[in-house]
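Values quoted throughout were computed directly from the atomic coordinates according to the rules given, and no laboratory measurement underlies them. Please read all numbers here as calculations on a predicted model, not as lab measurements. No Cβ is skipped: glycine too gets one built from the backbone with ideal geometry, and neighbour counts run over all protein chains shown.
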Amino acid sequence: MPTTPNAQRPTPNTPTPQHLNTSTPLREEALQLGISLTSLPHHVAVIMDGNGRWAKKKGLGRLLGHREGYKTLRGVLLAASELGIRYLTVYAFSAENWRRPAEEVAGLMKLIETAARDELRLMHKNNVRVQVAGRMDEVPEGLRRALEHGIETTKDNTGITFTLAVNYGGRAEIVDAVKSIVASGVPVEQITEESISAHLYNPAQPDPDLMIRTAGEMRWSNFLIWQSAYCELVVTDVTWPEFGPNDLLQAVAVYQRRTRKFGATV
Ligand code: FPP
C-alpha cells in the first residue's frame, strides 16, 4: 500500500466529489479486486502507445488506430472520474511526434481538435476540468482555440482534472521553466526544486503517482520526466485501443501493492 501520496509536492486539499460517496458498478468491481478506494493514486498519467500496432494487426491504416485510441480515451476518462481519481494526464502528441509522416501528423492534429470540440459537452456534464501541457504556440490555430475554449468552459469544474499533453516534451518543459525563472529575475541562490516545480506548465497539479504505459515498451519517452521522479510505472502489453476500464483497475491494483519509499526506508 503506498504510504505517501506525493512526497515531493503537496496534494491539493480538494474535497471528495459528492458522487463518489455512492456505489457504482466500477467502484464495486474495484472493491472486489481488493482495491482500496481511499488510497487511490491522486494523479494517473498515461502513455497511450500501440495505436499503430493495433491497426496493423487489423490490416487498417495508422489513423484508424488513433481514432480507435480516441474512443478508448473517452471510456478511460469516464472510468477514472467514476473511480475517484483526481487527475488524469495523457500523452496525446509529443514534441518528437512531428517527425512522423506529414499525413499522420495532420490527421492526429485534426483528431485531437475534433475530440476537444465534440467531447466538451460530455466533459462539462461530468464536471471534468480540462487543462493542457505543451508548447501551445506551436500547434495549429484551430486546435489551440478548441483547447483554450475547453479550458475556459470547464475551469470552475470540481471533478477530475484531465490534462491533454499536446506538443509536449519533458525536457522542453524544463527548458521553458528555466527560461521563465531567469526572466522573472529569481536570484541563483533561490533556485530550488520547489521553484522549478512552480514554473512548470501546470504548477498547481500534484506529481503523478502512477504512470501507465500500454503496448509493452519499458520507457518514459520524455513524458513528465521532472514530475515522475517518484512515480510508479506500470506497463501492460495491451495496446491502447484495447485498453479498457478493467485494465485501469488492474493497474491501480498493481500500484496499491507497491511500497513507495521516496528514497527512505519503510
Ligand atoms: C502512440 O501510438 C500514440 C500516439 C502518438 C497518439 C495518441 C493519440 C491518441 C490516443 C488518439 C487521440 C487522442 C485524443 C486526445 C483525441 P503509436 O502510433 O506510436 O503506436 P505504435 O507504436 O504501435 O506505432
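A few points about this structure:
- Other-chain or far-sequence residues with amide H under 5 Å of residue 232's (modelled H): 210, 211
- Per-residue Karplus couplings for the stretch 223-238, computed as 6.51 cos²θ - 1.76 cosθ + 1.60 with θ equal to phi - 60°, are listed in order as 9, 6, 5, 6, 6, 9, 3, 10, 7, 8, 9, 10, 10, 10, 6, 4 Hz, Gly and Pro entered as x.
- Between residue 253 and residue 39, the modelled label-to-label distance comes to 1.7 nm, taking each label 7 Å out from Cα in the direction of the beta carbon.
- Calculated FRET efficiency for the pair residue 32/residue 198, C-beta based, R₀ 41 Å, to 0.05: 0.50
- According to the Kirkwood relation over distinct C-alpha pairs, the hydrodynamic radius of the chain is 19.2 Å.
- When Rg and Dmax are taken over the Cα atoms of the stretch 123-231, they come to 15.4, 46 Å.
- From the alpha carbon centroid of the stretch 31-108 to that of the stretch 135-208 is 20 Å.
- Going from the fewest other Cβ atoms within 10 Å to the most, the residues 230, 201 appear in the order 230, 201.
- When the helices of the chain are scored as -39500 (n - 2.57) per DSSP H run of n ≥ 4 and the total is divided over every residue, the value at 222 nm lands at -12500 deg cm²/dmol.
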